[in-house]
Amino acid sequence: MKSALAVIALVSAPLTTVAEEIAAPVWGDVSAIFQERCVMCHSAVSGATKGLRLDDYAALMRGSAQGVVLKKGDPKASILIRRLRGEIAPRMPFLSRALSEDQIALIERWIEMGMPESRGRVFP
């Protein structure tokens, strides 16, 4: 009986991984939030406040004038998330309503999943 359960676990494990990969948010998903709420201050056109651009994947990976703002796999240690949650000042978006919990959770999941730019491509 124990062997049968082990086989079932081994067979089902890859399916879970594939399902999680398909469901994982990608840059396009988080970019839509940034386009709606953030790029008016954080884009090439706006002058990228503090050097942080949220309108371009590669620019976001570089971070701001103070350094990286995302910690791959660890949203709680990511400065961007801490600012979105108001854990460090100023809370972002500045002088605007906070992002919804669902929006922040999607960005956190994206970071947890390795910040993929597209399905099958993860930032090194």
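The values are calculated or read from the model by the stated rules, or taken from the named source; none is laboratory data. The structure presented is a predicted model; accordingly, all values stated were derived computationally and were not measured. Cβ atoms come from the backbone with ideal geometry, glycine included; neighbour counts cover every protein chain shown. In case anyone asks, the SASA skips ligands and DNA or RNA and just uses the protein heavy atoms, side chains included. Shrake-Rupley method; radii C 1.70, N 1.55, O 1.52, S 1.80 Å.
Per 0.36 nm of contour for each residue apart, how much would the distance between Asp74 and Phe94 grow if the chain were fully extended, relative to their Cα-Cα spacing?
4.9 nm
Hey, if you put +1 on the Cβ of every Lys and Arg and -1 on every Asp and Glu Cβ in region 39-124, which of Gly67, Ser100, Cys41 ends up farthest toward the positive end of that dipole?
Selected residue: Gly67.
Enumerate by residue number the chymotrypsin sites (Phe, Trp or Tyr not before Pro) in region 29-108 meeting two conditions: DSSP loop (anything except H, G, I, E, B), and at most 15 other Cβ atoms within 10 Å of the site's Cβ.
Filter output for region 29-108: Phe94.
Would you mind telling me the share, in percent, of accessible area of region 43-124 contributed by carbon and sulfur at probe 1.4 angstrom?
Heavy-atom surface of region 43-124 belonging to carbon and sulfur, 1.4 Å probe: 54 percent.
Rolling a 1.4 Å sphere over the protein heavy atoms, what is the accessible area per residue of region 55-121, to the nearest Å²? Numbers along the way, then the final one.
Details: 3810 Å² over 67 residues.
Value returned for region 55-121: 57 Å² of accessible area per residue.
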